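Read the structure below first, then the notes.
We did not get these values from a lab; they are worked out from the coordinates using the rules stated. Keep in mind it's a predicted model, so treat the numbers as computed, not measured. Note: ideal-geometry Cβ built from the backbone for every residue, glycine included; neighbour counts use all protein chains shown.
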Amino acid sequence: MLKGNIAVVFGGRSNESEISVITGTMCANVLKSGGASVVPVYISQCGDMFCGDELCDIAVFKRGGELKCPRCTVSGGGLHILGRRGRPRRFLPLRAALNCCHGGFGEGGELGGMFAMAGIPMAGGDVFSGSAFLDKCRAKVVMRGLGVKTLPYFVAVSAGDADAAAEATGLPAMIKPSRLGSSIGISRADTREEYASAIEAALCYDSLVLCEPYLSERREINCAAYFAGGGLHLSECEEAVSSGGMLSFDDKYSGGGRSVIPADIPQEAAEEVRAVTAKVYSSLGMRGVVRFDYLLSGSELFLSEVNTVPGSMAWYLFADSFARFRPVLEAVIEQAVADDAELRGKLVLKTGILNAVPDSVGKLKRK
């Protein structure tokens with residue numbers, strides 16, 4: 001059983017905030033079932049933080065009651081629970097936190113940085129991995145630096161880039177906001193006119209747009225990984241099957257698509273998926289549960305996206321029930337605590353250089 005208070009953080013300044021509520025409430029209740037002292041922390045789309053046991057109940061969000069919970073802030077190793085006038089009313093120390101935010105300022109490294117500054121170990125969405133992989137355009141640079149095969153791409157910043165993008169990717173093409181997930185804002189372009197409209201639509205959600213070739217003959221394969229207890233754990237391969245030509249929001253969350261586990265693909269392909277997953281995760285020293293999404297076209301494998309805080313934490317790739325997934329959550333949290341303890345054991349020097357600097361340095365001289 002986990003010791004101490006564990007914050008489960010979800011929501012966030014993101015278009016995927018509602019999806020995050022599903023993940024957060026699920027993880028909070030899974031951990032509670034094992035006897036953990038769980039502190040649910042909800043971040044609104046305005047960036048305000050709220051806490052309270054009732055936030056474990058998804059029904060609270062359906063009736064709009066989440067903003068009636070006490071507000072809170074993070075600093076000094078725990079939560080400061082605020083009164084009605086915004087003054088600290090109570091302090092709750094935290095042993096660790098679990099990041100369940102999808103997209104936006106929750107998954108992209110900002111939340112990990114805030115908790116790190118507050119001295120609270122956080123599992124998932126750390127500063128480097130979160131920021132590197134939330135942005136699909138810049139993630140291409142990281143993946144190619146590791147020698148991992150990805151689709152050719154073009155980064156668009158305006159609808160006027162449509163002709164250049166079409167030259168780079170060909171037609172048809174897939175156009176998506178660079179820093180969004182859950183298939184929000186994604187569309188396919190078959191003509192140059194559609195290309196410009198697709199870029200313009202994606203720009204409603206982000207300032208960068210990723211443009212890639214559309215592979216008509218492709219299969220979408222996923223694999224997840226986490227590090228705990230000194231070893232890397234890999235999931236089975238999953239095939240995500242869409243109801244149409246691409247995985248839509250409805251496919252993912254309204255039952256339009258289906259999942260095949262293990263994926264019915266050649267053994268060589270499955271081994272390559274797992275090998276690339278292990279290579280990227282280990283080479284970058286990643287932590288938490290991370291899902292890697294691939295495109296398989298014939299015998300060619302392309303790494304498409306890396307989700308450092310996957311939906312529902314990809315529990316279905318590791319277990320056949322929430323009860324059997326609980327040890328995974330507990331393990332990644334304990335790993336975050338161990339990593340933090342190791343880092344705290346390193347030297348932090350005070351050089352004394354300020355004693356050699358004149359007091360006048362940094363002061364403005366009067367004219």
Given Asn15, Tyr42, Asn29, which one lies farthest toward the positive end of the charge dipole of the range 8-101, if we put +1 on the Cβ of every Lys and Arg and -1 on the Cβ of every Asp and Glu?
Tyr42
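Just from its helices, what would the mean residue ellipticity at 222 nm be for the chain, if runs of 4 or more DSSP H residues each count -39500 (n - 2.57) and the sum is divided by every residue, rounded to the nearest 500 deg cm²/dmol? Before the final figure, lay out the partial values.
Values: 11 runs with 116 residues, N = 367.
After summing the helix terms and dividing by residue count, I get -9500 deg cm²/dmol.
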What does the highest-first list of 125-136, 95-106 look like by mean Cβ count within 10 Å?
95-106, 125-136
Tell me, how many Å apart are the Cα centres for the range 5-74 and for the range 286-345?
20 Å
For each of Thr351, Thr23, count neighbouring Cβ atoms within 10 Å of the residue's Cβ, then give the residues from fewest to most.
Thr351, Thr23
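Can I get the semi-axes of the range 12-78's equivalent ellipsoid? Compute them from the C-alpha gyration tensor as square roots of 5 times the eigenvalues, in angstrom, largest first. Don't skip to the end; give the middle numbers.
On the way: eigenvalues 62, 50, 26 Å².
They are 18, 16, 11 Å, listed from largest to smallest.
Note the full-extension length gain between Glu193 and Lys365 as 0.36 nm times their separation in residues minus their Cα-Cα distance, in nm to one decimal. Each step should come with its number before you reach the end.
Working: separation 172, 0.36 × 172 = 61.92 nm, distance 6.02 nm.
Once the chain is fully extended between Glu193 and Lys365, it gains 55.9 nm.
How big is the Kirkwood radius of the range 154-213, worked out from every pair of different alpha carbons and given in Å to one decimal?
On the way: mean 1/r = 0.0943 Å⁻¹.
Hydrodynamic radius (Kirkwood, Cα only) of the range 154-213 equals 10.6 Å.
Determine one quarter of the surface area of the Cα convex hull of the range 82-130, which equals its mean projected area, and express it in nm² to one decimal. Mind dumping the intermediate values first?
Numbers: hull surface 16.2 nm².
Taking the Cα atoms of the range 82-130, their convex hull projects to 4.1 nm² on average.
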Helix 322-344 sits off the longest principal axis of the Cα atoms of the chain, rounded to the nearest 10 on a 0 to 90 degree scale, by 60 degrees
Looks like the range 321-367, by Cα gyration tensor root eigenvalues a ≥ b ≥ c and the a/c under 1.5 rounded cutoff (else prolate when a/b is bigger than b/c, oblate otherwise), is oblate
What size of dipole, in debye to the nearest 20, comes out for the range 5-124 about its Cα centre when the only charges are +1 on Lys and Arg C-beta atoms and -1 on Asp and Glu C-beta atoms?
580 debye
Any chance you could get the radius of gyration and Dmax over the Cα atoms of the range 96-252, in Å?
17.2, 53
Folded to 0 to 90 degrees: helix 17-33 orientation relative to the chain principal axis, Cα:
60 degrees
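Could you order peptides 168-178, 196-206, 3-13 by the average number of other Cβ atoms within 10 Å of their residues, highest first?
Taking the mean over residues of other Cβ atoms within 10 Å, the ranking is 3-13, 168-178, 196-206.
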Which angle between 0 and 90 degrees, to the nearest 10, do you get for helix 192-202 versus the longest principal axis of the chain when only C-alpha atoms count?
20 degrees
Quick one, which of (1) 35, 27, 22; (2) 96, 20, 19; (3) 46, 26, 16 is the actual semi-axes √(5λ) of the Cα gyration tensor in Å calculated for this model?
(1)
Fraction of the pair-distance distribution of the range 5-124 above 19 Å, Cα-Cα pairs, percent:
39 percent
Which far-off residues, 5 or more places away or on another chain, put their amide H under 5 Å from the one on Ser75, with H placed in the peptide plane?
His80
The range 62-174 - Rg over Rh from alpha carbon coordinates, Kirkwood radius:
1.17
With a 10 Å radius around each residue's Cβ, average the other Cβ atoms per peptide and rank 57-63, 343-349, highest first.
57-63, 343-349
